[in-house]
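Here's the structure, in structure tokens; my notes come after.
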Amino acid sequence: MPDRCGDAGTRYHLIRYVGLAGAVALAVAAGLGGALPEPPAAGWAVFTSGTGVLSVLAWAAGTGAMVWAWWSARHGVPSVRWASTTVGIWAVPLLVAPPLGSRDIYSYACQGWILRDGGDPYSGVAGQGCPWVDAVAPLWRDTPAPYGPLVVWLAGLAVAVGAGLTGTLLALRMTAVAGLVLVAVALPGLAARCGLPAGRALWLTLGCPVALIHLVSGAHNDALMVGLLVAALWVIAAGSARVTDPGTDGIGGASVATVAGGLLLGLAVAVKATALVVVPFAAVLAVAGPRRPAALVRAGALVVAGAVGAVAATTALSGLGLGWVNGLSRSGDSRQWTSPPTAVGLLIDYLGRLVGVRLDAVGAVRVVGLALLAGFLVWLWWRVWRGGDPLSGWRGPDGRAVPVADSVGPPATWDRGTVVFGAGLALAATVLAAPVVYPWYLSWPLALLAAAAYRTGWFLLPVAVAGFLVLPDGSGVAALTKAPGTVAMCALIVVLVVRAVRSARHPDAS
């Protein structure tokens, strides 16, 4: 193996231990000025608060070291075991340090406490008696929880077993870690079905600083959603492949796997509704054998039945009802340039002020963004179903589907990686069109793109940049750079649109 000899071995050792040094520096930053339940002593705040000199220096050095280490091995790692071991070593300092980069974990804790106390966590956490409400970010204290019944019920369980704030935070972290363990178990198999190295996919997903900072340290429930999504697609892909395996009950095994995958998808939706955009692609992935409309309807019905059953069961067993649906409309209360539609709306507002006109274009542009997203998702799904490369050249020259002639309907066989790639693009588009974009949102498409894309730089670079967008205590760099960030984001949108138009006119040049 390359990590056992010569320069390659030295390089991989350097990557591992530079990343570990970065994780330790981030743990120090969390201790000095992370998302602590109480602010540091006033006399030391200038040095140790979330924006203090010492904590920011430790945060910048730690994030930089981890980004360098992750990026340096983006083309491949010695093995799945090396990737898993390295990620595990990096995670240890972050697991024992205070939360870093967000105060959302305190929102989860209060939602769980309110559930255990018999209240309604979908009515906001303020005024419901939670003893930790002062640790929740003020913006979200009156906001209904936008999370599904499964994750709120798990938060209630964390409060029950935690017996106090520290124990509750630890239990919530273990829930997030469980989601990442699910990724570690399922992603290698999914990448193999897509024809790509399992170790590389695992490294790009779990070795990513955004995952370690925000999913491990910050304990965002996105970790559980991503784990369930990856597991669902892995189970479905493995089931549809059984049809061609000799000596197996192909059709029966595929049906069972499709329903099981649907159940996992439903559990993902019961964490965050974002997972819904993957369901149509899961239906295509579940088609075993020739791809005909009747086969799609049958596979889609099994996937949807499993998903609906899981959502209905978690809703009924938790006793929470559908209050979380109302919370989805409040996710845009924050206005940051990291969301492209919000950035365009803010720029229109700024230009209006220059000519003495006060506008409020953000809401309208967000609606346009969601409409464009709906159209794009339909087009993307149709391209995938027809067996075409969703975005010509973006997956890579070796990753394009090779259709097999069929007398009726679309191609009879296809590259499963193209379907998974399409699902990853759907999640990426959902992030870009969202009213607000936080760094941990980028973990949604990351795992699927890592499993299915040959070319990676185009989606890894934004993830690397996102690692620097939140200070230790959760203060957003985007909020501190609102005007210049808005202009920069809009300029980037123009560049990307121009390139997309040129690529569409001259596809052979891409």
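Some observations on this one:
- For Val230, the test of being at pLDDT 95 or above, assigned to a helix (DSSP H, G or I), of a type outside the set (Phe, Trp, Tyr) and open to solvent by less than 20 Å² (accessible area, probe 1.4 Å) is passed.
- Residues that are outside any helix (DSSP H, G or I) and open to solvent by 40 Å² or more (accessible area, probe 1.4 Å), drawn from region 451-472: Tyr454, Arg455, Phe468
- Criterion (farther than 17 Å from Ala282 by Cα, of a type in the set (Val, Ile, Thr) and either buried (at least 16 other Cβ atoms within 10 Å of the Cβ) or at pLDDT 95 or above (or both)) met by exactly one of Val437, Val419, Val477: Val437
- A count restricted to region 145-190 and to residues that are within 21 Å of the chain's Cα centre (by Cα) and open to solvent by less than 10 Å² (accessible area, probe 1.4 Å) stands at 11.
- Matching residues, region 156-208, being in contact with a Lys or Arg (Cβ under 7 Å, 6 or more places away or on another chain) and either free of Cβ contacts under 8 Å to residues at least 12 places away in the same chain or in a helix (DSSP H, G or I) (or both): Gly156, Val159, Ala160, Arg193, Leu204
- Qualifying residues in region 53-75 (those that are in a loop (DSSP other than H, G, I, E, B) and in contact with a Phe, Trp or Tyr (Cβ under 8 Å, 6 or more places away or on another chain)) - the one nearest to Leu461 (Cα to Cα): Arg74
- Annotation: Gly195 fulfils all but one of (1) at positive phi; (2) surrounded by 24 or more Cβ atoms within 10 Å (Cβ to Cβ); the unmet one is (2).
The values are calculated or read from the model by the stated rules, or taken from the named source; none is laboratory data. The model shown is predicted, which means the values in this text are computed figures rather than measured ones. In this analysis, Cβ positions are derived from the backbone assuming ideal geometry, glycine residues included, and neighbour counts consider all displayed protein chains. Accessible surface areas use protein heavy atoms only, side chains included; no ligands, DNA or RNA. Shrake-Rupley method; radii C 1.70, N 1.55, O 1.52, S 1.80 Å.
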